[in-house]
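Colleague: Okay, handing you the structure first.
The values are calculated or read from the model by the stated rules, or taken from the named source; none is laboratory data. Bear in mind the structure is a predicted one, so any value in this text is a computation, not a measurement. Note that we place each Cβ from the backbone using ideal geometry, even for glycine, and neighbour counts take in every protein chain shown.
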Amino acid sequence: MDGFVWKRMIRRPWLSLLGLLISALLCVLLCTLSGYLDGEKTRLSDVRNSYDILCVVSDIRGTKTDGLGMSHIYSDFLLDKENGIGAFVRDARLTKVFSYRLDGGAGQMIGVSGETSAEVLDSRLGGEFETDEEGFFLSEEYLCLMPQNLYPQYAGQTVTVEVTDTAGASPLNPNGGTGKAEFRVAGWYRGTGTEIYIPYPASQRLGFLLAGLSTTDSAAFLLADNSRLDELSAAAQPMLMPVNPGEAAPKGLYALTIHDEQYHATLTAMEQNIRRLQYLLPLIALLSLGAGFLVGVLATRGEARTYALMRTVGLTRGKLFCTVLLQQMLLPVLASGAAAVILRQPLPAAGFLLCLAVGCALAIGRSVRIAPSAILRSQE
């Protein structure tokens, strides 16, 4: 019977070639789309898990994000994982600003909670810490980073700095809190400015020492888990409300702006693309089914007498069906196997073969179902 299969394939090479080409084209198309769909789903999952959603604290009107002078109650609320929203926070970016005087020079001394709190501190720009970098930003010690142009003058020294905390201004203390503190120069950052950076915890300690209270001038963070976006909005209220441009903006009232517009736009675009691909896959499966039926019809057309003679010499209907189906599926199996190996998509290739085989079997079954005596009588 194997010899019969090969003889029939050789005798009708155009049909074998047609089946091979159709199979290769549809199988490659199905495997490629399936691989692209898997990739899009992976990228969608990555976006949901790792997209940076920036959340920024501002005044209630949303017009001011610096110089807020927020009480430590708000910074504690941002960082507290049990009684605040700390569980939603990743990469907190808190700053506290003082003015300073040092050896006749002056500028701003800025408390920062991490390198992302100020662009010039980005480690990719260069710089050097004499202490552990992560430990520097968490320290309550009076440490400081000098700009690169000032660092050689003060490297390794402890300097006495006159510091003023203007956030501490009040009717009883209109000029704010001013005092002197000793800072150990712990490194430098690339630049030629006058800003000196100190650890955020140290800035809170210094603010309390100078003005009797600890304040924060700006606060932002990245959302730790994007799937909890709605939870964050609910948990932040009423301490941090949504922006209200019509509010009179009384002091001590702050808002939280969640910059998630691009995040949602990206998700929507990717989800729409995935849905389109998911609609295409069943269409290609139907095309594969139709292609199998077409190949089966072409293979059995004009072969009724041959099948009748084969039945009369003892070949059962089942064996005849399997023989003809094997003849039509042999080359598609080889083509699909090659596509599955090259594109690394065995399941789509197997699905294609199943659809092709079902379509081909429907056409072949219709031809071999007729009784041989009826066929021979009709052709006498």
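Colleague: Could you tell me which residue of region 174-207 is farthest from LEU102 (Cα to Cα), considering only residues that are of a type in the set (Ser, Thr, Tyr) and crowded, with 24+ Cβ neighbours inside 10 Å?
Modeller: Ranking the candidates gives TYR200 first.
Colleague: How about region 27-81: which of its residues are of a type in the set (D, E, K, R) and either under 30 Å from SER288 (Cα atoms) or part of a helix (DSSP H, G or I) (or both)?
Modeller: Correct list: ASP38, GLU40, LYS41, ARG43, ASP46, ARG48, ASP76.
Colleague: As an exercise: evaluate THR166 against (1) under 27 Å from SER58 (Cβ atoms); (2) at pLDDT 90 or above; (3) among the polar types (S, T, N, Q) and give the number of the one condition it does not meet.
Modeller: The single condition THR166 does not satisfy is (2).
Colleague: Another question, if that's okay. Starting from residues that are modelled with pLDDT of 90 or more and of a type in the set (Val, Ile, Thr), keep the ones in region 18-34 and report whichever is surrounded by the most Cβ atoms within 10 Å (Cβ to Cβ).
Modeller: Here the residue is VAL28.
Colleague: I'd like to know if region 98-105 contains one or more residues that are part of a loop (DSSP other than H, G, I, E, B) and modelled with pLDDT of 90 or more.
Modeller: No - not one qualifying residue is present in region 98-105.
Colleague: Can you spot a residue in region 114-130 that is assigned to a loop (DSSP other than H, G, I, E, B), among the small types (Gly, Ala, Ser), out of contact with any Lys or Arg (no Cβ under 6 Å at 6 or more places or on another chain) and closer than 12 Å to TYR197 by Cα?
Modeller: Yes: region 114-130 contains one or more residues that are assigned to a loop (DSSP other than H, G, I, E, B), among the small types (Gly, Ala, Ser), out of contact with any Lys or Arg (no Cβ under 6 Å at 6 or more places or on another chain) and closer than 12 Å to TYR197 by Cα.
So that you can scan it fast, the table gives a plain yes or no per residue for (1) touching a residue at least 40 places away in the same chain (Cβ under 8 Å); (2) surrounded by fewer than 20 Cβ atoms within 10 Å (Cβ to Cβ); (3) outside the structural domain of GLN345 (by TED's automatic domain parsing):
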position: TYR36; (1), (2), (3): yes, yes, no
position: ASP66; (1), (2), (3): yes, yes, yes
position: PHE88; (1), (2), (3): yes, no, yes
position: TYR100; (1), (2), (3): yes, no, yes
